[in-house]
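Chemist: Next up is a structure, given as structure tokens.
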Amino acid sequence: MLATRGTDWIWALILMALAVLMATWDIVSMAGNRRAEAEERLDALARVVEARTNHTLQSINALLRDADAELDMSLPPGDQTYHRYLTTRARFEPHALTITVVTLDGNIVHSTNPVLVGQNVGERSYLRYFQTHPQANDLFVAEPVISLLQRTVIFAALPSRDDSGKLRAIMVTALAPSLFSDIVEAALPSEPSGAISVTNSDHTILARAPSTDNSPIGRSLAKVPLRLAHLATGKAASIQEGPGAIDGMTRIIALRTVAPWGLIIGVSATRDDILRPILPRLIGDTFIVILISAFAIALVRMRDNRKRGREIAQEQVAKARDYYMQVLDEMPTLVRRMDDAGQCQYVNATWSTMTGQSLAEAQGQGWLSVIHPEDRANLGNVGEHDYRLVCIDGGDAWIHEVARPLRDPDGTLMGLLASGIDITEARHFQEKLQQSNAELEQFAYVASHDMREPLRMINSYMGLIERRMGTDLSTEIKEFIAFARDGAERMDRLIQDLLQYSRIGRLSAPKAMIDLNVCLAKAQNMLGLAMTEQSATVSACELPTLFASSDDMVRLFQNLIANAIKYHQPGLPPRVVIDARRQTGAWCISVSDNGIGISRDFFDRIFRIFQRLHGRDEHGGGSGIGLSICKKIVESHGGHIWVDSPGPNQGSVFCFTLPA
Ligand code: ADP
């Protein structure tokens, strides 16, 4: 179970990891695309700036080369012809503010602006440059400086060589810084942090867009890591990433070296700006990851809870099972459980103790070995059985067992569960009782049969005395003889009743399925005379057919109806109503009358033998055995009988049950 729970968590973690992986992949690929697109765009802008710068510098270069070609060093400073040439040529190049020829020691010998001729600019960087790079032949673009005319300019200088290639002068033109700033302004990237810079070959900033309050123009970028990295590539163009030289923010920059002038163009934007568009996607992906993770966790938790619930339920079931097994084991009854194939699955400890047979030995068909061979039939069926169990001491024990079907919660039959109690002692008692009853009944029968003989003798001798003495008998003696004969007759009736009582069950017709309607009809038939005399009526519902002795049933109805007639209220014709109601496992039959009723105090007494509630001559007399016979009949059929009466003169209801 723990392993399953662990597996669930592993699956959940895998799901979460997958979600994170996919989100990361999505973000990384989007960032990659965005970055690649930005790099391409920045580089394209750098190319545009490069092309325009290149074009301008080529035209400046051509201007200075043309001026050099026309230069004659033997001309005096400020020569008018050359001056005219310079001013004319300069008109074709609007970016060139002045064109000046500077000697190697820094004297201006010719200039489009005559006021400059004769002035010394020995400190200018281009002079230093060409002195330190004597072989340099290309245009040198210097840093922005304040010119002699007190304006910020950028000098572009070209070496002038004599025929032998020796440096003779420097051709210089002053360029307005706007030349570069216009180009960079036009190509500014769309990001808010977008920036473009152009530096000369000394890495001094010539122009930067956007312009800021604290203008960086003139600052050197020689030591900026991004630039060093670009130079280290040895390539004309590269993309670098790192802290920006001006604002220190991490920037992605497209750097291009403009050959052959050595200018470097940098077009950049901060990484944050470039990657900002992926922020909503990042938030969305994170949300999805959180959602998936929460879902996975909730799912595992739910399964966990469900499993836990199942485990608890199973634990409870196991506990309950253990408990009931213990109860079964400790029960003083014998318990066995059979499967639907008739194989024993379980016997309890009482079984093992009584038989000496272990559970393993009893399982399957093993249990049959401790059942008396004559009693084995039927024990695999549902119902009640008595059988003999072979005990551990070798003796037999009588067991009364009740076997009930065992069903699973769906109602499918799974076998049976039988519970048995040791009835050996009860059975011995019963056998003894049956034997003594039989003996007693036999004795009563014989005794009563034999007792009638002396009674008959008394009767006949009394008759003989009467006849012999004839008229000699005094009235008193006749009365005595009449008493003696009456006593003998009553004794005879009592003996006959007793005989009838003793015959019940013993000499009754065997039990069979009989129709009670027929029995009732017979009883009514036998009571025909009494009924007519008393104008009695008997009404009955449809009575059932059940397993009983027909003789006994006729006698039962006969006695009850006879009593109903006998104990009627004076002047009120007896009305007898017979009803039958079905109960669980039995029929309840009632015989109601409108007679004198019975006091509650005598409800039990009237069923005892020879118990009467009236004097001998009241209600036509009787021996007080009729209801005892009814009781014996009903009980010998497995039922019971009782009486109910609202009170004197309110009728009685005799009820009895018989198994259905
Ligand atoms: P017996 O009728 O011979 O006296 P029973 O055993 O039949 O004997 O009845 C016992 C007594 O129960 C009767 O003496 C009578 O008092 C009373 N008894 C029986 N049946 C009825 C009845 N239907 N109504 C009133 N009393 C009854």
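The values are calculated or read from the model by the stated rules, or taken from the named source; none is laboratory data. On a predicted model such as this, the values are computed, not experimentally measured, just so you know. As a convention, Cβ positions derive from the backbone with ideal geometry for all residues, glycine included, and neighbour counts pool all protein chains shown.
Chemist: Has segment 437-447 got at least one residue that is at pLDDT below 85, more than 30 Å from residue 391 (Cβ to Cβ) and in contact with a Leu (Cβ under 7 Å, 6 or more places away or on another chain)?
Modeler: Yes, segment 437-447 has at least one match.
Chemist: Output the strands (runs of 3 or more DSSP E) that fall wholly within segment 375-473 and possess 3 or more residues being of a type in the set (Val, Ile, Thr) and farther than 20 Å from residue 357 by Cα, or say none.
Modeler: Details: elements: 383-390, 396-407, 413-422.
Those strands (runs of 3 or more DSSP E) do not exist here; none qualify.
Chemist: Check whether at least one residue in segment 576-594 is closer than 25 Å to residue 532 by Cα, out of contact with any strand residue (DSSP E or B) (no Cβ under 8 Å at 6 or more places or on another chain) and near the ligand (Cβ under 9 Å from one of its atoms), and report yes or no.
Modeler: Taking every residue of segment 576-594 in turn, none turns out to be closer than 25 Å to residue 532 by Cα, out of contact with any strand residue (DSSP E or B) (no Cβ under 8 Å at 6 or more places or on another chain) and near the ligand (Cβ under 9 Å from one of its atoms).
Chemist: Specify which of the listed residues (14, 10, 27, 60) is within 22 Å of residue 282 (Cβ to Cβ), among the β-branched types (Val, Ile, Thr) and assigned to a helix (DSSP H, G or I).
Modeler: The match here is 27.
Condition check ((1) surrounded by 11 or more Cβ atoms within 10 Å (Cβ to Cβ); (2) among the polar types (S, T, N, Q)) across all residues:
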| position | (1), (2) |
| --- | --- |
| 419 | yes, yes |
| 422 | yes, no |
| 425 | no, no |
| 428 | yes, no |
| 443 | yes, no |
| 448 | yes, yes |
| 451 | yes, no |
| 458 | yes, no |
| 461 | yes, no |
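Chemist: So is residue 546 outside any loop (DSSP other than H, G, I, E, B), under 60 Å from the mean Cα position of the chain (by Cα) and not hydroxyl-bearing (Ser, Thr, Tyr) or not?
Modeler: Here the answer is yes, as residue 546 does meet what is asked.
Chemist: What are the pairs, 6+ residues apart or on separate chains, where a residue within segment 623-649 that is within 17 Å of residue 549 (Cβ to Cβ) has its Cβ under 6 Å from a residue that is of a type in the set (Gly, Ala, Ser) and more than 9 Å from the ligand (Cβ to nearest atom)?
Modeler: 636/505; 637/548
Chemist: Of the conditions (1) in contact with a strand residue (DSSP E or B) (Cβ under 6 Å, 6 or more places away or on another chain); (2) surrounded by 16 or more Cβ atoms within 10 Å (Cβ to Cβ), residue 343 fails just one. Which one is it?
Modeler: Every condition holds for residue 343 apart from (2).
Chemist: Take the residues in segment 139-171 that are in contact (Cβ under 8 Å) with a residue 60 or more places away in the chain and within 15 Å of residue 70 (Cβ to Cβ); name whichever of them is surrounded by the fewest Cβ atoms within 10 Å (Cβ to Cβ).
Modeler: The qualifying residue surrounded by the fewest Cβ atoms within 10 Å (Cβ to Cβ) is 162.
Chemist: Can you find a residue that is without any contact (Cβ under 8 Å) to a residue 24 or more places away in the chain, of a type in the set (Ser, Thr, Tyr) and away from the ligand (no atom under 14 Å from the Cβ) anywhere in segment 541-557?
Modeler: No, that holds for no residue.
Chemist: Residue 367: within 22 Å of residue 413 (Cα to Cα) and not in a loop (DSSP other than H, G, I, E, B), yes or no?
Modeler: Yes; evaluated as a whole, the condition is true for this residue.
Chemist: Which is crowded, with 21+ Cβ neighbours inside 10 Å and of a type in the set (A, V, I, L, M), of 572, 613, 627?
Modeler: 627
Chemist: Just name the residue that is surrounded by the most Cβ atoms within 10 Å (Cβ to Cβ) out of those in segment 488-515 that are part of a helix (DSSP H, G or I) and in contact with a helix residue (DSSP H, G or I) (Cβ under 6 Å, 6 or more places away or on another chain). Please lay out each step first, then the result.
Modeler: Of segment 488-515, the ones part of a helix (DSSP H, G or I) are 488-503.
Going one step further and asking which of them are in contact with a helix residue (DSSP H, G or I) (Cβ under 6 Å, 6 or more places away or on another chain), we end up with 488, 491-492, 495, 498-499, 501-502.
On the way: 488: 19, 491: 16, 492: 17, 495: 19, 498: 19, 499: 17, 501: 19, 502: 21.
Residue satisfying both the conditions and the ranking: 502.
Table: residues versus (1) assigned to a loop (DSSP other than H, G, I, E, B); (2) crowded, with 16+ Cβ neighbours inside 10 Å; (3) of a type outside the set (S, T, N, Q).
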residue: 98; (1), (2), (3): no, yes, no
residue: 105; (1), (2), (3): yes, no, yes
residue: 110; (1), (2), (3): no, yes, yes
residue: 185; (1), (2), (3): no, no, yes
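Chemist: Here is a follow-up. For segment 186-195, state whether one or more residues are of a type in the set (S, T, N, Q) and either more than 30 Å from residue 129 (Cα to Cα) or over 60 Å from the mean Cα position of the chain (by Cα) (or both).
Modeler: Yes - at least one qualifying residue is present in segment 186-195.
Chemist: Tell me which of these residue 511 doesn't satisfy, since it passes every other one: (1) within 13 Å of the ligand (Cβ to nearest atom); (2) in contact with a Ser or Thr (Cβ under 6 Å, 6 or more places away or on another chain); (3) among the basic types (Lys, Arg).
Modeler: Evaluating residue 511 over (1) within 13 Å of the ligand (Cβ to nearest atom); (2) in contact with a Ser or Thr (Cβ under 6 Å, 6 or more places away or on another chain); (3) among the basic types (Lys, Arg) leaves (1) as the failure.
Chemist: Which count do you get for residues in segment 596-641 that are near the ligand (Cβ under 7 Å from one of its atoms) and touching a Ser or Thr at 6+ places or on another chain (Cβ under 6 Å)?
Modeler: Qualifying residue count for the region: 2.
This table checks each residue for (1) surrounded by fewer than 13 Cβ atoms within 10 Å (Cβ to Cβ); (2) within 30 Å of residue 40 (Cβ to Cβ); (3) modelled with pLDDT under 90.
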{"residue": "269", "(1), (2), (3)": "no, yes, no"}
{"residue": "273", "(1), (2), (3)": "no, yes, no"}
{"residue": "279", "(1), (2), (3)": "yes, yes, no"}
{"residue": "282", "(1), (2), (3)": "no, yes, no"}
{"residue": "300", "(1), (2), (3)": "no, no, yes"}
{"residue": "304", "(1), (2), (3)": "no, no, yes"}
{"residue": "307", "(1), (2), (3)": "no, no, yes"}
{"residue": "313", "(1), (2), (3)": "yes, no, no"}
